Each structure stands twice: as C-alpha cells, then as structure tokens.
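Peer 1: Sharing a structure, written as structure tokens. Questions coming.
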Amino acid sequence: MQAPLRKGKKGETLGRANGVKRAGRSFLLGLMLVAVAAASSLFYTRERLAVESLLDHNFELETELDLVRNQTELLAYEVAVLECAPRLEKAARSKLGMDDLEWEFVYVIENTEE
C-alpha cells in the first residue's frame, strides 16, 4: 500500500504528505537482511574456527609422528649395531670369558629317530 502524495506543481518531485509514516515492511526487510548477514557471518566464523582447530591438531599429530619415526630409525640403528657379530664376539670374550671356537673339537650328532 502506498502512502498518499502531496500535491505540487507540474514537474516538481513530490514526496510524502506531512504526517504520513513510511510503511513497516521496508524496515522489516532491512532488519531481516541484517539478521541474515549476521547469522551467515557467525556461521562462517564458527566453521573457520573449527577448521583452524582441526588444522592445529593435525599439525601436532604430524609433529608427533615425525618424532616417532626419528626414534624408530635411531632404535633400528642401535639394534643393528648391537647385533653386529664382531661386537658379540668381543662381549663374549671379555664379559663371559669365552674363547675362539676350535673346529677340530666340534662333533655333529645326527638325530636318528624319525
């Protein structure tokens, strides 16, 4: 519904008559647009914070995974060093008092039970 216009001269831009207020529909439309913009910005902000939180958590997990991989490599190296035959022979001689193997005194016994 349109407000009544005041009467004026020909070619004059006419505005609203005195005492006539603007309809509430345009105010409600503006209020609704502001509410939709605010809601969408809040939704975007919430989603953005969730994504950044997940990215931070993912970065922490990747850092922890790198540390575990480095520790695994170090432990694999230590195992390889500890399994080394010369090291085992040296430990057997020094700590256990063992001597070199003399093959002429080695006898192989076969199992005859089947």
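Peer 1: Given all pairs of different Cα atoms, what value in angstroms does the Kirkwood hydrodynamic radius of region 39-114 take?
Peer 2: After inverting the pairwise mean of 1/r, the radius is 18.9 Å.
Peer 1: If you don't mind, there's one more thing I want to ask. Apply the Karplus curve 6.51 cos²θ - 1.76 cosθ + 1.60, θ = phi - 60°, to the phi angles in region 76-92 and return the couplings in whole Hz, x for Gly and Pro.
Peer 2: Once rounded to whole Hz, the list reads 5, 5, 4, 4, 5, 5, 5, 7, 4, 4, x, 5, 5, 5, 4, 5, 5.
Peer 1: For region 19-113, what is the accessible area per residue in Å², given a 1.4 Å probe and the full set of protein chains?
Peer 2: 99
The values are calculated or read from the model by the stated rules, or taken from the named source; none is laboratory data. Note that the structure is predicted; figures quoted are calculated from it, not measured. We work out accessible area using only protein heavy atoms, side chains counted, and drop any ligands, DNA or RNA first. Shrake-Rupley method; radii C 1.70, N 1.55, O 1.52, S 1.80 Å.
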